[in-house]
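So the structure is just underneath, and the comments pick up after that.
The values are calculated or read from the model by the stated rules, or taken from the named source; none is laboratory data. Please read these numbers as outputs of a predicted model, since none were measured by experiment. Please note: Cβ atoms are built from the backbone with ideal geometry, for glycine as well, and neighbour counts cover all protein chains shown. For accessibility, only protein heavy atoms count, side chains too; no ligands or nucleic acids. Shrake-Rupley method; radii C 1.70, N 1.55, O 1.52, S 1.80 Å.
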Amino acid sequence: MQFQQLQYFVAVAETRHFTRAADLVHVAQPSLSQQIKALERELGADLFLRARGNITLTDAGEALLPLARRILADADTARHEVQELAQLRRGRVRLGATPSLCTGLLPDVLRAFHDRYPGIRLLIEEGGSHDLVRHLARGALDLALVVLPLPTPSPALTTVELLREDLVVVSSPEAPRPGGGRRTVRIADLEGERLVMFRHGYDLRELTVAACRSAGFEPDFAVEGGEMDAVLGFVRAGLGVAVVPRMVAARSGHGLRVTPLALPGLHRTIALAHRSDVAPPRAARELQRMLLER
């Protein structure tokens with residue numbers, strides 16, 4: 001099995017078209033087809049069902065695809081690691097984080113990292129913890145900031161707790177104070193409040209809905225489906241209240257009233273994750289160190 005054959009296989013699997021795949025990997029279509037057939041002969045199984053205008057993966061192809069992607073991603077990581085120049089003057093870091101952490105935690109850390117290593121490219125992937133874990137597992141990210149506990153614990157990942165963050169209630173200063181105007185509110189006080197809620201798959205959505213149900217009520221959504229910036233904008237407009245991380249509220253305080261949650265409050269645990277079987281590249285290890293020492 002040749003590395004080049006895996007590249008061609010993944011290209012066909014992603015485009016579902018031999019000619020477009022050949023263009024993608026800059027090779028003549030007959031050569032690509034011959035290499036795919038050679039790979040199938042070596043594996044002893046067809047990888048594609050070929051019909052005019054319809055290329056689909058066989059069961060063998062479906063089994064090979066995630067493994068091939070991981071091999072190619074590992075090779076790409078190795079190439080970048082070897083090509084890095086001394087003293088971290090060149091390289092890249094692929095960091096995943098939830099949108100709220102991109103707003104709250106990362107700006108100061110990334111600024112410090114960029115000031116120290118201006119030649120390092122920072123590639124940021126926003127997403128929920130579930131998606132970020134999947135991207136880590138297939139080699140598409142070097143590091144990820146995720147919310148614990150993970151939705152699907154993976155023995156292939158190493159996680160290190162980074163911080164425990166308080167959640168607060170934000171509302172429009174022009175709207176009545178949530179919880180009857182008290183300086184702190186309980187989750188139970190949100191019963192009857194219209195909530196501005198994040199989209200499905202958002203860690204904060206699951207945490208907030210679970211807390212409301214534990215307090216004995218089903219949350220009432222004024223609007224739902226937004227990312228962090230949209231949720232904060234809807235709250236400023238007076239559409240309802242939202243539960244957000246304290247760091248996000250502190251950075252986005254203009255036009256927002258921030259009300260702490262009464263003890264025991266509501267918290268979330270942030271961890272830094274990477275694959276257990278592959279050491280992060282040098283530049284990623286340096287960013288990891290800065291995050292842990294922040």
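So, with +1 on the Cβ of K and R and -1 on the Cβ of D and E, and no other charges, what is the size of the charge dipole of region 1-148 about its Cα centre, to the nearest 20 debye?
My answer is approximately 300 debye.
What is the spin-label model distance, in nm, from GLU14 to ARG186 if the labels are put 7 Å beyond Cα along the C-beta direction?
5.3
Rank by packing, highest mean first: peptides 178-187, 46-55, with packing defined as the count of other Cβ atoms within 10 Å averaged across residues.
For the peptides 178-187, 46-55, the packing ranking is 178-187, 46-55.
Work out how much length ALA210 to THR269 would gain on full extension: take 0.36 nm times their residue separation and subtract the Cα-Cα distance, in nm to one decimal.
Full-extension gain reported as 19.7 nm.
Only four residue types carry charge here, +1 at the Cβ of Lys and Arg and -1 at the Cβ of Asp and Glu. Report the dipole size of the chain about the Cα centre in Debye, rounded to the nearest 20. Display every interim value, and only then the final one.
Details: 37 positive and 34 negative charges, 116 e Å.
The calculated dipole for the chain is roughly 560 debye.
FRET efficiency for ASP23 and ALA237, Cβ-Cβ distance as r, R0 = 45 Å, nearest 0.05?
FRET efficiency, ASP23 to ALA237: 0.45.
If I ignore ligands, DNA and RNA and count only protein heavy atoms, how much of ARG251 is accessible to a 1.4 Å probe, in Å² to the nearest 10?
Accessible area, nearest 10 Å²: 110 Å².
Give the whole-number value, in cubic angstrom per residue, of the convex hull volume spanned by the C-alpha atoms of region 155-294.
Looking at region 155-294, the number lands at 133 Å³ per residue.
What net charge is computed for the residues neighbouring GLY104, neighbours being all others with C-beta under 9 Å from the C-beta of GLY104, Lys and Arg scored +1, Asp and Glu -1? Display every interim value, and only then the final one.
Values: positive: ARG246, ARG251; negative: GLU165.
Its environment carries a net charge of +1.
Which distance in nm do the two modelled labels at ALA38 and ALA78 give, with both placed 7 Å along the Cα-to-Cβ direction?
It works out to 2.0 nm between the two label points.
To one decimal place, what Kirkwood hydrodynamic radius in Å is obtained for region 74-184 from all pairs of distinct Cα atoms?
Kirkwood radius, region 74-184: 16.7 Å.
Taking θ as phi - 60°, what are the ³J(HN,Hα) couplings along region 272-288 by the Karplus curve (6.51, -1.76, 1.60), each to the nearest whole Hz, with x for Gly and Pro?
9, 10, 8, 5, 6, 8, 9, 5, x, x, 4, 5, 5, 5, 5, 5, 4
If the elastic network links every pair of Cα atoms under 10 Å, which of ASP203, ASP59, ASP108 fluctuates the most in the Gaussian network model of the chain?
Comparing ASP203, ASP59, ASP108 in a Gaussian network model of the chain, the most mobile one is ASP59.
Of ARG199, ARG70, ARG116, which is the most mobile in a GNM of the chain whose springs link Cα atoms less than 10 angstrom apart?
ARG116
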